[in-house]
Structures are given as C-alpha cells and as structure tokens.
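Step one of this worksheet: look at the structure below.
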Amino acid sequence: MALKVGLVGTRGIGGQHAEAHKADPLSDFVAVCDLVKERADSFAERFGVKAYYSLKDMLDGEPDLDVIDVCTGGLENGSWHYEPAMQAMDAGKHVLVEKPLSNDIFEAREMVAKAREKNVYLGCNLNHYFTPPAERAKKYVTDGEIGEQVFCLMKMGFQGGEQANYKAPTGANVAGFPTFT
Ligand SMILES: NC(=O)c1ccc[n+]([C@@H]2O[C@H](COP(=O)([O-])OP(=O)(O)OC[C@H]3O[C@@H](n4cnc5c(N)ncnc54)[C@H](O)[C@@H]3O)[C@@H](O)[C@H]2O)c1
C-alpha cells in the first residue's frame, strides 16, 4: 500500500523529490508546505497536491500522512532540518530528511533519539551511500583501520575518473553502480 507523503520545502531539491514521489507507486504524494506562499502554491499546482504554509498546518490538515519529506536547507545546508523533523516525529510521522542530517551534531543526536523514542523511521537522503567509495570507507571503520571518526572529507565524481576506473560487478545497473536488493 502506498504511503501518504507530505513534503516540506519547495525551492530546490524538493522538486526532484516530488517527481520521484509522483513516479513511485509506493508513494502517495498529497501535500506540500513552504513558508513562502507563492512557492508552495506554484509547486502544489505543478504536482496536483494541496498547499500549506507551515508544517503545523499541513500536519493538522492532513492527519493521515505517513511520511514527512524534509527538503529545507539553512546554514551549511542543514540548520533548518531539526525543527521540521522533530515536529513531524513528535506527530508520529516517519521522516526522510535531506543531507546532512543536521549541521549540528547535538541536534543530530536529538533527532536520532527522537526517532527511537517515537519508534519511527528517520532516513537521511545521502545519495552517495550505496557507492563503492562509501562501501570502502565503511569497511575501514568496521575493520578498525581508523580510530573514532570525528571528520570525513570525501570527494566523488559522477561519470568521471572514479567511475571510469570502477569495474562494475555482474548485475550492476546501467550507471555502473552495484544493485542492492
Ligand atoms: N541529495 C542531493 O543530491 C542534494 C542536492 C541538492 C540539495 N540537497 C539538500 O537539500 C536541502 C535543500 O536544499 P535546497 O537547495 O533545495 O534549499 P533551498 O534553501 O533552495 O529551499 C528550501 C525551501 O524550504 C523552505 N523552508 C525552509 N524552512 C522551512 C520550514 N520550516 N517550513 C516550510 N518551508 C521551509 C524555504 O522557504 C525554501 O523554499 C539541503 O539540505 C541540501 O543539502 C541535496
């Protein structure tokens, strides 16, 4: 059964999320909110969903929402994630939030704790998770090859050198990345 989705933040990446929700039979995209009325209105018209101008109003107006998709930005692209994500989880909703989870480690930990407390999913959309460099980095951590990780600097290219040098395993998708089932 499709999950009912409400999206927060319409200016940039929100449009790509909306297109993905529309194309996915497991997603029933029903509402959107943005603090800027004109953005919410034009976005709602474009995708045929209902517009709200605050998350509170969207939660009140659409009590059956299963998932809140947080596409806000802020300082370092992460300072506006905490408030809507916490509000949504407090309302018992699952949350997908754009990367980074937060630009503040203490807020990020509170968000994870809130998901546990409310028994809801909190997913962070880092679209590089399932790539060979990320797999190798994870292996370094799990194999104890580095100590406590406090910082990570990562450089990655699309269709560029790294991918060109990467030999796709049998069953890889057309982009050359492994498929996960
Ligand atoms: N995964 C990727 O490849 C990728 C690519 C681009 C951006 N991003 C991430 O997406 C997020 C958003 O980036 P962007 O460039 O689209 O941001 P943006 O600043 O262009 O747009 C954010 C929108 O959210 C609205 N907004 C902010 N706070 C709100 C709130 N509390 N309630 C309702 N609306 C609110 C703003 O009015 C704005 O329209 C960032 O975290 C960024 O890191 C990810």
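The values are calculated or read from the model by the stated rules, or taken from the named source; none is laboratory data. Please read these numbers as outputs of a predicted model, since none were measured by experiment. Cβ atoms come from the backbone with ideal geometry, glycine included; neighbour counts cover every protein chain shown. With ligands, DNA and RNA removed, areas are computed over all heavy atoms of the protein, side chains included. Shrake-Rupley method; radii C 1.70, N 1.55, O 1.52, S 1.80 Å.
Remark: pairs (first residue in region 111-138, closer than 24 Å to I13 by Cα; second residue in a strand (DSSP E or B) and open to solvent by 30 Å² or more (accessible area, probe 1.4 Å); Cβ separation under 7 Å; 6+ apart in sequence or on different chains) = M111/L122; V112/L122; A115/L122; V120/H94; Y121/H94; G123/L96; N125/L96. Taken over region 20-40, the residue count meeting the criterion of being open to solvent by 30 Å² or more (accessible area, probe 1.4 Å), acidic (D, E) and within 12 Å of the ligand (Cβ to nearest atom) is 1.
For (1) of a type in the set (A, V, I, L, M, F, W, C); (2) in a loop (DSSP other than H, G, I, E, B), each residue gets a yes or a no:
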residue: W80; (1), (2): yes, yes
residue: E110; (1), (2): no, no
residue: V120; (1), (2): yes, yes
residue: C124; (1), (2): yes, no
residue: H128; (1), (2): no, yes
residue: E135; (1), (2): no, no
residue: V141; (1), (2): yes, no
residue: G144; (1), (2): no, yes
residue: V150; (1), (2): yes, yes
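Take T142 and decide whether it is hydroxyl-bearing (S, T, Y) and either more than 14 Å from the ligand (Cβ to nearest atom) or closer than 27 Å to T10 by Cα (or both). Taking the combined requirement at face value, the residue satisfies it.
M58 satisfies every condition listed in (1) within 11 Å of the ligand (Cβ to nearest atom); (2) open to solvent by 30 Å² or more (accessible area, probe 1.4 Å); (3) in a helix (DSSP H, G or I) except (2).
Checking I68, I13, I105 one by one, the residue that is touching a residue at least 40 places away in the same chain (Cβ under 8 Å) and open to solvent by 40 Å² or more (accessible area, probe 1.4 Å) is I13 and no other.
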